[in-house]
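Right, one structure below, let's go through it.
The values are calculated or read from the model by the stated rules, or taken from the named source; none is laboratory data. No experiment lies behind these values; they were computed from the predicted model shown. With ideal geometry, Cβ positions are generated from the backbone for all residues, glycine too; neighbour counts draw on all protein chains shown.
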Amino acid sequence: MIQKKTKESLYLTIINDLSDDIGISKEETKSLVDVALYSTDPRDVDYEQLKNEITTFLVINIFFLICKL
């Protein structure tokens with residue numbers, strides 16, 4: 001039971017941190033995290049690594065969009 005609470009708290013923490021870092025709403029951030037977790041086993045997820053990967057993905061995509069202008 002403690003393991004489950006820890007995963008849930010990490011899930012909520014990553015949503016809050018990404019929302020603050022990126023500057024988008026928590027609902028949109030939750031959608032991003034849910035999509036990233038959809039194809040993985042939540043038991044094997046390193047939430048700090050997931051946060052870094054989502055941030056990197058968004059930065060690369062924003063840079064790509066700026067370059068297309």
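Scanning region 29-41 for residues that are exposed (fewer than 13 other Cβ atoms within 10 Å of the Cβ) and either over 9 Å from the mean Cα position of the chain (by Cα) or not charged (D, E, K, R) (or both) yields Val35, Tyr38, Ser39, Thr40, Asp41. When region 42-69 is limited to residues that are surrounded by 13 or more Cβ atoms within 10 Å (Cβ to Cβ) and within 9 Å of the chain's Cα centre (by Cα), the one that is modelled with the lowest pLDDT turns out to be Tyr47.
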